[in-house]
Amino acid sequence: MLELDAITIATPERVLIRRLSARVGAGEVLVVMGESGSGKSSLLAMLAGTLPASLIASGGIRLDGRDIGELPTAQRRVGILFQDDLLFPHMSVLDNLLFAIHDGVRAQRVAQAEAALRSADLAGHGTRWPATLSGGQRARVAVLRALLAQPQALLLDEPFSRLDAALRQRFRAFVFERIREQGIPALLVTHDPQDVPAGAQLIELASEPDDA
């Protein structure tokens with residue numbers, strides 16, 4: 001479970017988010033919506049441990065009972081997907097996936113990566129370069145890489161926004177199915193109401209005009 005307790009984020013001039021609290025269980029999705037400047041990206045950065053020093057933040061972050069608010073990014077066990085797939089262009093698809101798997105001898109790691117590719121209808125694509133894949137294929141590889149790292153929570157920073165409508169619908173279903181299957185709490189930031197999965201919690205952030 002991912003627990004947010006009275007999260008407040010502010011610039012020296014104004015409050016972006018005021019005392020946000022939420023609980024996201026295993027396999028559940030919390031959707032955060034809001035206009036530009038409402039603090040969505042800052043919330044993700046705080047959870048990932050990359051919040052700029054220029055912002056002031058308070059509140060608690062717990063993941064499976066662990067207080068992760070003061071931990072460095074690498075120790076938080078939080079995965080993140082961005083608008084861009086961010087695959088390493090100089091690595092094959094297989095090597096991109098192996099980058100996320102740290103335990104086991106190479107043969108075991110390769111078997112795990114190839115099983116992930118089969119689960120995404122990408123069997124046989126391990127030897128290809130990211131540049132030779134379609135946008136939807138690259139997006140699926142990016143999801144697989146994030147999940148193979150075995151995160152305890154997943155942050156989704158508008159990962160569907162650059163896909164066309166038909167592909168976007170299929171990719172949403174792919175992502176949400178894997179979140180449910182692996183029992184990972186997820187937080188999705190989006191501008192599109194169609195990205196909100198059935199039964200998801202929804203929080204709409206509103207910009208505050210001053211620091212009162």
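A few comments on the model shown:
- Given charges at beta-carbon only (K, R positive; D, E negative), |dipole| of the chain in Debye: 720
- For segment 36-52, 3J(HN,Hα) computed residue by residue from phi via the Karplus equation (6.51, -1.76, 1.60; θ = phi - 60°) reads 4, x, 7, x, 4, 5, 5, 4, 4, 4, 5, 5, 7, x, 10, 5, x Hz, glycine and proline entered as x.
- Centroid-to-centroid separation of segment 139-156 and segment 51-105 [C-alpha atoms, Å]: 9
- Extension gain, Ala149-Ala6: 0.36 nm per intervening residue step, less the Cα-Cα distance, totals 48.6 nm.
- Bridges between two residues of the chain, per DSSP, are antiparallel at a rate of about 45%.
- Modelled spin labels at Arg19 and Thr127, positioned 7 Å past Cα toward Cβ, are 6.1 nm from each other.
- Computed from Cα atoms, the angle from the helix 165-182 axis to the main principal axis of the chain rounds to 90 degrees.
- Of Phe171, Phe160, Phe99, the residue with the greatest mean-square motion in the GNM of the chain, using alpha carbon springs below 10 Å, is Phe99.
Every read-out reported here was derived from the displayed coordinates using simple, explicitly stated rules and does not represent laboratory data. Note that the structure is a prediction, hence the values are computed from the model and not measured. All Cβ positions, even for glycine, are placed from backbone atoms using ideal geometry, and neighbour counts span all protein chains on display.
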